[in-house]
Amino acid sequence: MKIALSGKGGTGKTTISAGFATYFSGKGKRVVVIDADPDTNLQITLGIKGEITPLSEMKSLIYERTGVDPENPSPVFKLNPKVDDIPEKFFLKSGNILFGIMGAVKGAGLGCYCPENAFLQALLRHLVLATDDVLILDMEAGIEHFGRGTIAGIDWLIIVTEPGQKSVDTTFKIHKLAKNSGIKNIGIIENMIKDEKEKIFLDNNLNEFKILGIIPYYNKIRESEIKGNLFWENEPAFLKDIEKITDKMEE
Ligand SMILES: Nc1ncnc2c1ncn2[C@@H]1O[C@H](COP(=O)(O)OP(=O)(O)OP(=O)(O)O)[C@@H](O)[C@H]1O
Ligand SMILES: [Mg+2]
């Protein structure tokens, strides 16, 4: 299962990414989790200890793999660098979870034609198309991380939506982009639902899309932010919600 999560800022992408990672690793699967949001906090959310350098900042590795001379960088580099050993060697390990941070590519972002981008694209391609690991990608509000060939290998793009017009508008934008990109399945998670009125608002506004499930607003998840403990231990119902959602994805 390869899952990418997108949605407006603050809707719960990172929380739900951590939920998927915890759920699948709890089932004994090897899970690769990638933080692809430059404003990173997935590591803290997952409670994984250790220092990790964002991949885009591993210049000497990137230069070595793409065949660039650091003394004399040339515009010619390998578009297919070796990356299959990267998760094992350079990601943080916590139980069945391997955790990596993409980092920002300076300049034109991931659209740029540069060794950093070629390296990250190759790594994503490898994780999506050449491994059996579960892949969880915590992204920003967009899908520009993917190269054309890679995106078709993603099983699910999940757009996390909260009750509110702005989040709904962003959901429509992302859905449109994703639909034109060749992603196999696009689904919505309605998150932070406080009451029936909020659920009805989202159901009405999103009725043309596939709704994978709803997750209530849990006070205990908020409490965990303050206490600094793992929120799914504080609120076990959350992982039940995730389980229901994965059942729906496997239907
Ligand atoms: N179901 C929920 N119930 C209560 N609080 C939640 C729920 N889901 C997420 N939150 C809280 O909402 C806040 C935003 O969540 P999160 O960081 O996961 O969103 P995000 O979409 O990743 O945000 P960003 O765009 O900043 O990366 C966090 O404080 C998180 O604890
Ligand atoms: Mg986030």
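The values are calculated or read from the model by the stated rules, or taken from the named source; none is laboratory data. None of the values given here were measured: they were computed from a predicted structure. Here Cβ is always computed from backbone atoms with ideal geometry, including for glycine, and neighbour counts include all displayed protein chains.
For Tyr63, indicate whether it is out of contact with any Lys or Arg (no Cβ under 6 Å at 6 or more places or on another chain) and closer than 16 Å to Phe231 by Cα.
no
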So Leu92 ticks every box in (1) under 30 Å from Leu206 (Cβ atoms); (2) among the aliphatic types (A, V, I, L, M); (3) more than 15 Å from the chain's Cα centre (by Cα) but one. Which box is left unticked? (1)
All but one of (1) under 19 Å from Ile154 (Cα atoms); (2) β-branched (Val, Ile, Thr); (3) more than 16 Å from ligand 1 (Cβ to nearest atom) hold for Thr66; which doesn't? (1)
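Residue-by-condition table, conditions (1) out of contact with any Pro (no Cβ under 6 Å at 6 or more places or on another chain); (2) part of a strand (DSSP E or B); (3) among the aliphatic types (A, V, I, L, M); (4) farther than 17 Å from Phe24 by Cβ:
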position: Ile186; (1), (2), (3), (4): yes, yes, yes, yes
position: Lys197; (1), (2), (3), (4): yes, no, no, yes
position: Phe201; (1), (2), (3), (4): no, no, no, yes
position: Phe209; (1), (2), (3), (4): yes, no, no, yes
position: Glu225; (1), (2), (3), (4): yes, no, no, yes
position: Asn229; (1), (2), (3), (4): yes, no, no, yes
From the residues in the stretch 166-184 that are in contact with a helix residue (DSSP H, G or I) (Cβ under 7 Å, 6 or more places away or on another chain) and surrounded by 15 or more Cβ atoms within 10 Å (Cβ to Cβ), which one is modelled with the lowest pLDDT? Ser181
Subset of the stretch 57-87, residues among the hydrophobic types (A, V, I, L, M, F, W, C) and in a loop (DSSP other than H, G, I, E, B), comes to Met58, Val68, Val76, Phe77, Leu79, Val83
Over the stretch 11-47, the set of residues in a loop (DSSP other than H, G, I, E, B), at pLDDT below 95 and surrounded by fewer than 20 Cβ atoms within 10 Å (Cβ to Cβ) is Pro38, Asp39, Thr40, Asn41, Gly47
When you scan the stretch 203-217, do you find a residue that is within 17 Å of the chain's Cα centre (by Cα), polar (S, T, N, Q) and surrounded by 14 or more Cβ atoms within 10 Å (Cβ to Cβ), even just one? no
What's the number of the condition Lys59 fails, among (1) within 16 Å of ligand 1 (Cβ to nearest atom); (2) more than 12 Å from the chain's Cα centre (by Cα); (3) not aromatic (Phe, Trp, Tyr)? (1)
Return yes when Ile188 is within 26 Å of Asn41 (Cα to Cα), among the β-branched types (Val, Ile, Thr) and over 19 Å from the mean Cα position of the chain (by Cα) and no when it is not. no
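Table: residues versus (1) more than 30 Å from Glu233 (Cα to Cα); (2) without any contact (Cβ under 8 Å) to a residue 60 or more places away in the chain; (3) away from ligand 1 (no atom under 16 Å from the Cβ).
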| site | (1), (2), (3) |
| --- | --- |
| Leu42 | no, no, no |
| Ile52 | no, yes, yes |
| Val83 | yes, yes, yes |
| Glu88 | no, yes, yes |
Within the set of pairs 6+ apart or on separate chains, which have a first residue in the stretch 175-186 that is farther than 15 Å from Lys2 by Cα, a second that is part of a helix (DSSP H, G or I) and not aromatic (Phe, Trp, Tyr), and C-beta atoms under 7 Å apart? Ser181/Ile151
Near pairs, Cβ below 6 angstrom, 6+ apart or cross-chain, from the stretch 5-34 (under 16 Å from Thr45 (Cα atoms)) to any residue that is near ligand 2 (Cβ under 9 Å from one of its atoms) and among the basic types (Lys, Arg): Leu5/Lys13
